[in-house]
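A.B. asks: Sharing a structure below in structure tokens format, with a few things to ask.
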Amino acid sequence: MSKYITTPIYYVNGEAHIGHAYTTFIADSVARYEKLKGEDTYFLTGTDEHGQKIEESAQKNGKATQAFADEISATFKNLWDEFGISYDKFIRTTDEAHKKGVQRAFEVMYAKGDIYKDFYEGHYCVSCETFFTETQLVDGEFCPDCGRSTNVIKEESYFFRLSKYEDALLKHYNDNPDFIMPRSRANEVINFVKGGLRDLSVTRTSFTWGVKMPESIKDDKHVMYVWLDALLNYVTALGYGTTEENMRYWPASVQLVGKDILRFHAIYWPAFLMSLDLPLPKQIGAHGWWTRDGEKMSKSKGNVISPKQVSDAYGVENLRYFMLREVPFGQDGDFSQRAFIDRINSELSNDLGNLLNRIIGMSGKYSDFEIDSVDVLKYHQKEIDAMNVVLDSLDAYMQNLQTHRYLEELWRLFSIGNKAIEEHAPWVKMKEERKDEALATVALVANILAKAAIMLHAIMPKTTDIIADTLNFSIDNASYKELVIEKKLLKLFNIKQTPPLFPRIEEPLMPEAPLAHPNGAKEETKAVKECAKEQDNLIEIGQFFQTSLKVGIVVEAEIVPKSSKLLKLKVDLGEENPRQVVAGIREFYTPESLINTHVCVVANLKPAKLMGMLSEGMLLAAKDEDGLSLVRPEKPKKAGTPIG
Ligand code: MSP
């Protein structure tokens, strides 16, 4: 059975941001995974280039629309190439073959009686390229999705009989509970459809930047609605309406989208397909949003993170790992450099990198980098069994797009490896002249690393190729079958000395959180400068992280005689002994009210003496005309938990 994986096609009104990269990374990982398994797989991505929004962006930039679209489309393609995205086709909706395919689809729908001509009057949001009803508008004027003002448009339009497909859609959702992933999102869609579907206006006469009507329907005033045009890319890319050469890949196995465009993919798209008598995709996977500082990132807000900047600083494979590990599929995630660095240091550098280094070191020391697996089963059946359980569990996570669980489980392999080394202590066995046993443990771990590298390949292709090279094998369908499916061991390792793959990161590598702007670096510098003008006290993020903030628990509190302001506290910071902190909070807190409560402490402040008493830290508090309030974690945290 073949596999077909798609990303949404990206609008060409600005450069790629981290949200685009995320969709593309997931799709690329799924496609690579299927290819490694030996499935006949086709992976599509591309750009969405028609519509009023693009026409207006081009005008704003003083460029001809096609030239503008060419330029921005190339920035996406170049970035994906630089990132090693393994697409089989990069479609552009301005491609001639696509336009022909869309016209053909229109003819088919029209001939079937699913498209008719009428008048449309409604409120249109140019930015979202969507019509809204009066009741959907915010304050009678603004777009409920992006908040911009809408325009009242009355125009002649062709309509698609969406209402006709209401029942068929509901039946499909009901019969195919995995059609929308995660399942929790399906209700949203079902309720929307149950609320009643109105026929959809699928042409426009108010602008010209779109696919022209088919010649058989002589009506030059109209161009196609951008969503009809765009959604059809998933089949025109396979040759629908033209060569038909790759139509055998249809229906798609998984179509990845962001939750904001789920409705288009789970309602309009299946209805269009039903009208065309084409089967529906197996699965629509809707991921959540990446926010920045808790705020939605969008080109229009200018608060987007540039994936290029992050990858230049940290490496694209680390970024892939982080994004796929950090967020359960379907949920929103917040991009934080701290969380990113922590995962690199603890999971990539410590768990994986160190294990590989230990194997390089031990194999070199004990047997001149050559180890074989002859004795592994004799001494390590328990670990092999545990490893096989993990290997067998992984596929289901990938099929359900649960990349975070997939990686979490995969990491169990490294725990098995590390534990085996601790328990069997090969260095002791070597001293005791039980070399076979020592080498069996080293070979076990080398096998664990080899199998883990195969399973990690879809997410970190280059890094795992280096691991494979270090262990002297190649990652391909043959090794996947042998080592993962048939559970064989690699017979012989000829280990290479490879420099550490994941050097620890001590300081954030991006001085400021990257503040990318749709118009590029110039605007970015301007924005940063303007910000600096407003508050000339700005610090580098590295300076901020020089402060060690920790959660503390107050274990003792007493008033300081002769002082109206000070309290003397003992605060547990998870260290051997509680620290003494003298704080000026007596006017606002009684000592009793503080016992056993959480506080936030500056933990690396030089000790100072206050009224002759040593103070080894400072409490964070907010003070205004209403008084003083201690800053505390929202939920209980262990003493010593770092803040930042
Ligand atoms: N052109 C349409 C898609 C047409 S598909 C037939 C479009 N393009 S887009 O460029 O605006 O967005 C493309 C994808 O990026 C969407 O899946 C969207 O959800 C995703 N993201 C845009 N911003 C995002 C975040 N901040 N976080 C995660 N993904 C987000 O919509």
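The values are calculated or read from the model by the stated rules, or taken from the named source; none is laboratory data. Not measured: the values here are computed from a predicted model. Here Cβ is always computed from backbone atoms with ideal geometry, including for glycine, and neighbour counts include all displayed protein chains. Note: areas computed on protein heavy atoms with side chains; ligands, DNA, RNA excluded. Shrake-Rupley method; radii C 1.70, N 1.55, O 1.52, S 1.80 Å.
A.B. asks: Going by the alpha-carbon gyration tensor, a ≥ b ≥ c the square roots of its eigenvalues, is segment 401-444 rounded (a/c under 1.5) or, if a/c is not under 1.5, prolate (a/b greater than b/c) versus oblate?
C.D. replies: Since a/c reaches 1.5 and a/b is larger than b/c, the shape of segment 401-444 is classed as prolate.
A.B. asks: While we're here: Would you mind telling me the share, in percent, of accessible area of the chain contributed by carbon and sulfur at probe 1.4 angstrom?
C.D. replies: C and S atoms contribute 49 percent here.
A.B. asks: Sorted by accessible area with a 1.4 angstrom probe, largest first, how do LYS570, LYS491, LYS221, LYS296 fall?
C.D. replies: Result, largest first: LYS491, LYS221, LYS296, LYS570.
A.B. asks: Quick check: residue separation of GLU370 and LYS419 times 0.36 nm, minus the Cα distance between them. What number comes out in nm?
C.D. replies: Stretched out fully, the GLU370 to LYS419 stretch lengthens by 15.4 nm.
A.B. asks: Ok, one more. Report the normalised scattering of segment 401-485 as log10 I(q)/I(0) at q = 0.11, 0.12, 0.15, 0.20 Å⁻¹, calculated by the Debye formula with identical scatterers on the alpha carbons.
C.D. replies: Normalising to I(0) and taking log10 leaves -0.35, -0.41, -0.61, -0.93.
A.B. asks: Considering the Cα positions of segment 34-78, please state its Rg to one decimal place and its Dmax as a whole number of Å.
C.D. replies: Cα only, segment 34-78: 15.7, 48 Å (Rg, Dmax).
A.B. asks: Using only Cα atoms, locate the centre of segment 565-612 and the centre of segment 13-63, then give the distance between them in Å, rounded to an integer.
C.D. replies: If you average the Cα positions of each part, the centres end up 53 Å apart.
A.B. asks: Summing +1 for each Lys or Arg and -1 for each Asp or Glu, what net charge is found among the other residues whose Cβ lies under 9 Å from the Cβ of ALA252?
C.D. replies: +2
A.B. asks: Would you mind checking LYS562/LYS609; LYS550/LYS623; LYS431/LYS487; LYS419/LYS488 for any pair whose Cα atoms are more than 26 angstrom apart?
C.D. replies: Long pairs (Cα-Cα over 26 Å): LYS431/LYS487.
A.B. asks: Once the other residues with Cβ under 11 Å from the Cβ of LYS164 are scored (Lys, Arg +1; Asp, Glu -1), what is the net sum?
C.D. replies: Overall, the nearby charge balance is -2.
A.B. asks: In addition: State the extension gain, in nm to one decimal, for the chain segment bounded by ASP145 and ASP81, taking 0.36 nm per residue of separation less the distance between their alpha-carbons.
C.D. replies: Using 0.36 nm per residue and subtracting the Cα-Cα distance, I get 19.8 nm.
A.B. asks: Measure up LYS606/LYS635; LYS89/LYS259; LYS99/LYS301; LYS100/LYS171 against 30 Å on the Cα-Cα distance and list the ones that go over.
C.D. replies: Beyond 30 Å: LYS99/LYS301; LYS100/LYS171.
A.B. asks: Excluding ligands and nucleic acids, what accessible area in Å² is computed for LEU492 using a 1.4 Å probe, to the nearest 10?
C.D. replies: 90
A.B. asks: When a/c is below 1.5 the answer is rounded, else prolate if a/b is larger than b/c, else oblate, so apply that to segment 61-210 with a ≥ b ≥ c taken from the square roots of the Cα gyration tensor eigenvalues.
C.D. replies: Cα axes put segment 61-210 in the rounded bin.
A.B. asks: Once the principal axes of the Cα atoms of segment 1-75 are found, what is the range along each, listed largest first in whole angstroms?
C.D. replies: Cα extents, longest axis first: 48, 22, 17 Å.
A.B. asks: Would you give the gap between the C-alpha center of segment 252-320 and the C-alpha center of segment 383-450, rounded to a whole Å?
C.D. replies: 35
A.B. asks: Accessible surface of LYS77 in the full protein assembly, 1.4 angstrom probe, to the nearest 10 Å²?
C.D. replies: Answer for LYS77: close to 80 Å² accessible.
A.B. asks: Within the chain, what's the longest stretch lacking GluC sites (Glu not before Pro) that sit in DSSP loops with no more than 11 other Cβ atoms inside 10 Å?
C.D. replies: In the chain, the maximal stretch lacking such sites is 1-214.
A.B. asks: Once the convex hull of the alpha carbons of segment 108-151 is built, what does its volume come to per residue, in cubic angstrom?
C.D. replies: Enclosed volume per residue, from the Cα hull, is 91 Å³.
A.B. asks: Evaluate 2.2 N^0.38 Å with N set to the residue count of segment 226-369, then give the Cα radius of gyration divided by it.
C.D. replies: This ratio for segment 226-369 stands at 1.48.
A.B. asks: Please compute the Cα-Cα pair-distance distribution of segment 209-292 with 10 Å bins starting at 0, giving whole percents from short to long.
C.D. replies: 15, 42, 31, 10, 1
A.B. asks: So, one more: Once the mean 1/r over all distinct Cα pairs of segment 345-463 is inverted, what Kirkwood radius in angstroms do you read off?
C.D. replies: Value: 14.8 Å, from the Cα pair sum.
A.B. asks: Now a separate question. Any chance you could look up the accessible area of LYS378 with a 1.4 Å probe, heavy atoms only, rounded to 10 Å²?
C.D. replies: The accessible area of LYS378 comes to roughly 140 Å².
A.B. asks: Let me know the whole percent of all Cα-Cα pairs from segment 132-220 that are separated by more than 21 Å.
C.D. replies: 54
A.B. asks: Still on this structure, please answer the following. Quick check: with the 1.4 Å probe, what order do ARG405, ARG434 take by accessible area, largest first?
C.D. replies: ARG434, ARG405
A.B. asks: Rolling a 1.4 angstrom probe over the protein heavy atoms, how many square angstrom per residue are accessible across the chain?
C.D. replies: That works out to 45 Å² for each residue.
A.B. asks: Another question, then. Once the convex hull of the alpha carbons of the chain is built, what does its volume come to per residue, in cubic angstrom?
C.D. replies: 201
A.B. asks: Show the residues, 5+ positions off or on another chain, whose built amide H is closer than 5 Å to the amide H of SER157.
C.D. replies: Answer set, sorted by chain and number: ASP118, PHE119, TYR120.
A.B. asks: Quick check: Cα centre of segment 79-112 to Cα centre of segment 474-513, how many Å?
C.D. replies: 36
A.B. asks: Using heavy-atom solvent-accessible surface (probe 1.4 Å) with all chains present, what is the largest-first order of ARG579, ARG204, ARG504?
C.D. replies: ARG504, ARG579, ARG204
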